[in-house]
Amino acid sequence: MKNIILETEMINRKHNGFSLESKGMENGYIKEKYGKYGNQNINGMPSLSIPLEWKNIPENVKSYALVMEDYDAIPVTGFSWIHWVTLIPGDYTCLKENASLKDEKLIQGVNSWISDMGGLNKEEASHYGGSAPPDKEHTYTFRLYALDKEIELNKGFYLNELYRKIEGHILDVAVLKGKYKN
């Protein structure tokens with residue numbers, strides 16, 4: 001019981017209002033153009049990345065890591081579907097629309113479109129892979145990690161590599177959720 005209380009106190013003390021928002025969402029829904037109903041894609045993978053903005057940034061941030069996942073995909077695929085993994089420079093406060101394809105300062109990891117179910121190669125899957133729920137409306141979780149150091153990874157890194165590198169370097173985490181219609 002003591003450990004649970006200490007962990008909760010640490011989380012509450014750590015969070016200072018660091019927040020993530022997007023003009024690419026309306027009423028809790030990701031706009032259609034950022035997913036399978038959009039016009040931009042890489043071999044069938046929606047590739048127009050959603051704009052994001054963060055506020056109340058913790059002090060001493062050196063870089064950020066962004067992870068976008070779909071946990072509603074687990075019953076369909078057997079795993080949470082990774083849509084976007086990217087390292088972001090510490091002086092950023094936003095990502096503009098289509099940053100995944102236009103911002104050369106981002107270092108992007110592979111998404112789940114590299115799997116047998118997505119069918120893309122590593123180069124193609126090392127970008128934003130937009131919402132494409134196959135069975136019903138899904139909820140997508142964006143986690144922005146504020147980090148106390150610059151993370152060194154090469155384009156095409158895997159999510160587990162990112163988690164190993166950021167362990168012990170997370171200043172705060174901002175979470176945003178958005179739904180996308182099937």
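The values are calculated or read from the model by the stated rules, or taken from the named source; none is laboratory data. Quantities reported herein were computed from a predicted structural model and do not represent experimental measurements. We place every Cβ from the backbone using ideal geometry, glycine too, and count neighbours over all the protein chains shown. These accessible areas exclude ligands, DNA and RNA; they are computed on the full protein's heavy atoms, side chains included. Shrake-Rupley method; radii C 1.70, N 1.55, O 1.52, S 1.80 Å.
Observations
- Annotation note: of 16, 56, 111, 39, the sole residue that is modelled with pLDDT under 95 and out of contact with any Leu (no Cβ under 7 Å at 6 or more places or on another chain) is 16.
- Looking across the stretch 81-112, the residues that are without any contact (Cβ under 8 Å) to a residue 24 or more places away in the chain and part of a loop (DSSP other than H, G, I, E, B) come down to 91, 103, 104, 105, 106.
- Residues (assigned to a strand (DSSP E or B), in contact with a Gly (Cβ under 8 Å, 6 or more places away or on another chain), within 20 Å of residue 105 (Cα to Cα) and not aromatic (Phe, Trp, Tyr)) located in the stretch 53-80: 63
- In this structure, residue 96 qualifies as out of contact with any strand residue (DSSP E or B) (no Cβ under 6 Å at 6 or more places or on another chain), surrounded by fewer than 22 Cβ atoms within 10 Å (Cβ to Cβ) and closer than 21 Å to residue 174 by Cβ.
- Long-range neighbours under 9 Å by Cβ, at least six apart or interchain, first residue among the hydroxyl-bearing types (Ser, Thr, Tyr) within the stretch 119-130, second open to solvent by 20 Å² or more (accessible area, probe 1.4 Å): 126/114; 126/155; 128/48; 128/101
- Residue among 176, 153 that alone is in a strand (DSSP E or B), open to solvent by less than 70 Å² (accessible area, probe 1.4 Å) and in contact (Cβ under 8 Å) with a residue 24 or more places away in the chain: 176
- Set 50, 82, 74: member being out of contact with any strand residue (DSSP E or B) (no Cβ under 6 Å at 6 or more places or on another chain), among the aliphatic types (A, V, I, L, M) and open to solvent by 10 Å² or more (accessible area, probe 1.4 Å): 74
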